[in-house]
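Written out below as structure tokens is the structure these notes cover.
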Amino acid sequence: MQRVMAFLDRVEVAVCQGLLLVIVGLVFVSALLRYVGYPVNWTNALASGLFVWLIYIGADRALRRNRHIGMSSLVDRLPEKARNTIELVMTLLVFLFLVIATYLGVRMVLANTKRVFEEIFFLSYSVIVAAVPVGTGLMCLTLIAKILEKVRG
Amino acid sequence: MQLLYAALTFVVLLLCNVPIAFTLGIAGMVYFLSQTSIPFPIVAQRLVAGTQSFPLLAVPFFVLAGHLMNVSGITKRLIHLADVLVGHLPGALAQVSCVLSMFMGGVSGSSNADAAMETRILLPEMRRRGYADGFSAAVLACSSLSTAIIPPSIGLVLYGFAGQVSVGKLFIAGIIPGILMGVTMMGVTHWKAIRYGYDRDRQGKRSSFREVLSALRESIWALLFPLFLVTTLRFGIFAPVEAAAFAVVYAFCVGKFIHRELTWEKFWEAIRDAAEDNAVIMLIVSMAAILMYALAYEKVPVKMSTFILGLTNHPFLLMLAIVSFLFVAGMVMEGTVNTLLLTPIFLPIVRAAGFDPVHFGVIMAILIQIGGVTPPVGVNMYTVCSLGNIKVEEYIRESWAYVGALLALVVVLILVPQLSLALVGLMR
């Protein structure tokens, strides 16, 4: 499990780095072209589309590293046992939410296969919105790994 | 009624330390489950739609530019410049922190990143010189706020997104208020430092004109960027997002070819960290889109504005009520969420009362920033206190003077809209 997670982490880092560079590049080149008088309209739309992937893949990595901010001030004051119980219940609740979001995301992908993204003829809308189920699905895996880790101590 | 369920879920989950992004998502889902007149699958569409606004791309770009500046040696040179300029004053390092935050404001858009960076670099030296930990934490956290108002500013990008206001105008409007925030912080610091007698021995050892000039020459690339940004926005050459993409390329070129400090390893690390910071901010934006839809569907902004305008239509009483509400909201809630959920509610009200949306944006952004340094929930406060292992109680004892001064400044900015709008008027 740990080895799988470490591998996933490396892949996600590489994907995020690649996406961020491409998005910066698209906007930069598009601005330059517009400045010299050759406006291109699909670059910024594509950058926005890839942005969803950057967010949802990055969000999984942030979840693995406990980077998503919460408000711990109340929970911190509770005795350890109560704190652990709350943490477990809440993790299961978030897991349930992510499972539903993944299910809805898959349905959204299937419903949009014919729709074209922002007049970019070769790109189906599905490819863009697939970021949501892929991201939430990965986050489900991350939470399972976290819970297993906790149970094993 | 359905909104009440959502609000209840929101509060309970928040108190149970569920990450804010998921709290928003679950509360939104609870609304859609109980409100049967909207098809449930819309939830997934909202998650995508919440991110599909072109100006939002400025968020990862400015975050990345900030990371690149740190590893390009730009930050280091700005610290030196700040030290040369104010290092002879009482409470020298505290003053350096105030001035550095203003310089960083011109290249970075996040006060929390600035607070973290300054704490790592300045706090050890502050301790060595015998500053009380509470004082150091207060000045590091509070002075960082000007970073988020001096353009570029991530908070103003989010306000522009939530309220459909021009980000370019908001940036220009933030210049003078941001600088005034920095100056206000310097004033409070000066008063405190004299009272506590910090750095008595160094007093009066002013740097020579030559030293100032050489420090200026060293940091010229960092100082040129905000000028470039403001000029391109002023003449409408670039949209804020395009300028942000330029900021990334600019920081890269300065680090690689001029300072020659940027290695490929540091470069990839900066991109990795920026992607993660961006995901933390943007997952909140994406998840908040579900609730934003619910608020609009329930016509909350219209109902709220009819209700509040029914109580009073005196513009300044109205503004006072909203400002007090935002201050309290900032104390108990994280800033991104406040911006996204409260902007659509309050903006129509202040608009109806005759305030300019750009003017209100600056006021709101400052109040939300103040929320970052006030207990019980203050992101900047926790960043500084946890990095420095400082008790929050010690921090609070020293920080109220800073918060009070900032609130006084907010009142001035409300009463004198020209401080925000005069430069915007010069546009176009």
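One table, with the values for the structure above:
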item	result
Qualifying residue in region A:73-95 (condition: touching a residue at least 12 places away in the same chain (Cβ under 8 Å), touching a Phe, Trp or Tyr at 6+ places or on another chain (Cβ under 7 Å), within 7 Å of chain B (Cβ to nearest Cβ) and open to solvent by less than 80 Å² (accessible area, probe 1.4 Å))	yes
Residue B:84 surrounded by fewer than 23 Cβ atoms within 10 Å (Cβ to Cβ), out of contact with any Leu (no Cβ under 6 Å at 6 or more places or on another chain) and either more than 10 Å from chain A (Cβ to nearest Cβ) or at pLDDT 95 or above (or both)	yes
Members of region A:35-72 that are of a type outside the set (Phe, Trp, Tyr), more than 8 Å from every other protein chain (Cβ to nearest Cβ) and over 23 Å from the mean Cα position of the chain (by Cα)	A:36, A:37, A:39, A:40, A:41
Hey, residue B:228 among the hydrophobic types (A, V, I, L, M, F, W, C) and at pLDDT 90 or above or not	no
The lone exception for residue B:349 - which of (1) under 16 Å from residue B:177 (Cβ atoms); (2) in contact with a helix residue (DSSP H, G or I) (Cβ under 7 Å, 6 or more places away or on another chain) it fails	(1)
Region B:14-38, residues that are among the hydrophobic types (A, V, I, L, M, F, W, C), open to solvent by less than 30 Å² (accessible area, probe 1.4 Å), more than 7 Å from every other protein chain (Cβ to nearest Cβ) and in a helix (DSSP H, G or I)	B:24, B:27, B:32
Any chance residue A:109 is farther than 30 Å from residue A:71 by Cα, touching a helix residue (DSSP H, G or I) at 6+ places or on another chain (Cβ under 7 Å) and either without any contact (Cβ under 8 Å) to a residue 12 or more places away in the chain or open to solvent by 90 Å² or more (accessible area, probe 1.4 Å) (or both)	no
Selection within region A:1-34 - more than 10 Å from chain B (Cβ to nearest Cβ) and assigned to a helix (DSSP H, G or I)	A:2, A:3, A:4, A:5, A:6, A:7, A:8, A:9, A:10, A:11, A:22, A:33
Residue B:42 out of contact with any Pro (no Cβ under 9 Å at 6 or more places or on another chain), open to solvent by 10 Å² or more (accessible area, probe 1.4 Å) and modelled with pLDDT under 95	yes
Qualifying residue in region B:286-309 (condition: touching a His at 6+ places or on another chain (Cβ under 7 Å) and crowded, with 23+ Cβ neighbours inside 10 Å)	no
Helices (runs of 4 or more DSSP H) wholly inside region B:346-428 that include at least 3 residues being surrounded by fewer than 21 Cβ atoms within 10 Å (Cβ to Cβ) and away from chain A (no Cβ under 14 Å)	B:392-415, B:418-425
Qualifying positions in region B:220-270 - farther than 30 Å from residue A:41 by Cβ and buried (at least 22 other Cβ atoms within 10 Å of the Cβ)	B:222, B:254, B:255, B:262, B:270
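The values are calculated or read from the model by the stated rules, or taken from the named source; none is laboratory data. Please read all numbers here as calculations on a predicted model, not as lab measurements. Heads up, the Cβs are rebuilt from the backbone with ideal geometry, glycines too, and the neighbour counts pull from every protein chain shown. Keep in mind that these areas ignore ligands, DNA and RNA; they rest on the heavy atoms of the full protein, side chains included. Shrake-Rupley method; radii C 1.70, N 1.55, O 1.52, S 1.80 Å.
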